[in-house]
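S.K.: Got a structure for you, written out below as structure tokens; questions coming shortly.
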Amino acid sequence: MPTDLTVWLADQPGAMAGACEALGAAGINIDGCCAYPAGTAGQLHVLVDEAAAARAALTGAGYNVVSDREVIVHELADVPGSAGACLRKIADAGVNLELVYVATATRLVIGVDDLDAARAALA
């Protein structure tokens, strides 16, 4: 099941590298990620298929995994307007977006307040 983990990072050089290295050392593939500053820390969102193993690898390396959530991973055509068309379907279904980023192979990672309604909108 595709899962997005939210990880707090220290605001220092190498923090994200260390998190990615911890996942790699545990044999966990990163299918997508995004990171950004959040006050005095950093926030990393990482897409994985093996949530429990990823959480264990990160916490074992000293990282604070604050949440995980099942997400939709939707394949997009690599053309202008693809993301907008996808997200419009979700909006028209009355579903609120809570998280969006691009993953490998032109896939959109989508966290929403109603997974079933969003999946139905994209079907």
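Bear in mind that the values in this text are calculations on the coordinates, not laboratory data. Model, not experiment: these values are computed from the prediction.
S.K.: Considering the alpha-carbon set of the range 72-122 alone, what are its Rg and its Dmax in angstrom?
M.R.: According to the Cα coordinates of the range 72-122, Rg and Dmax are 10.1, 27 Å.
S.K.: Which three extents, in whole angstrom, do the alpha-carbon atoms of the chain cover along their principal axes, largest first?
M.R.: Rounded to whole Å, the extents work out to 41, 29, 27 Å.
S.K.: On to the next question. Mean shadow of the range 3-69, computed from the convex hull of its alpha carbons, in nm²?
M.R.: 3.8 nm²
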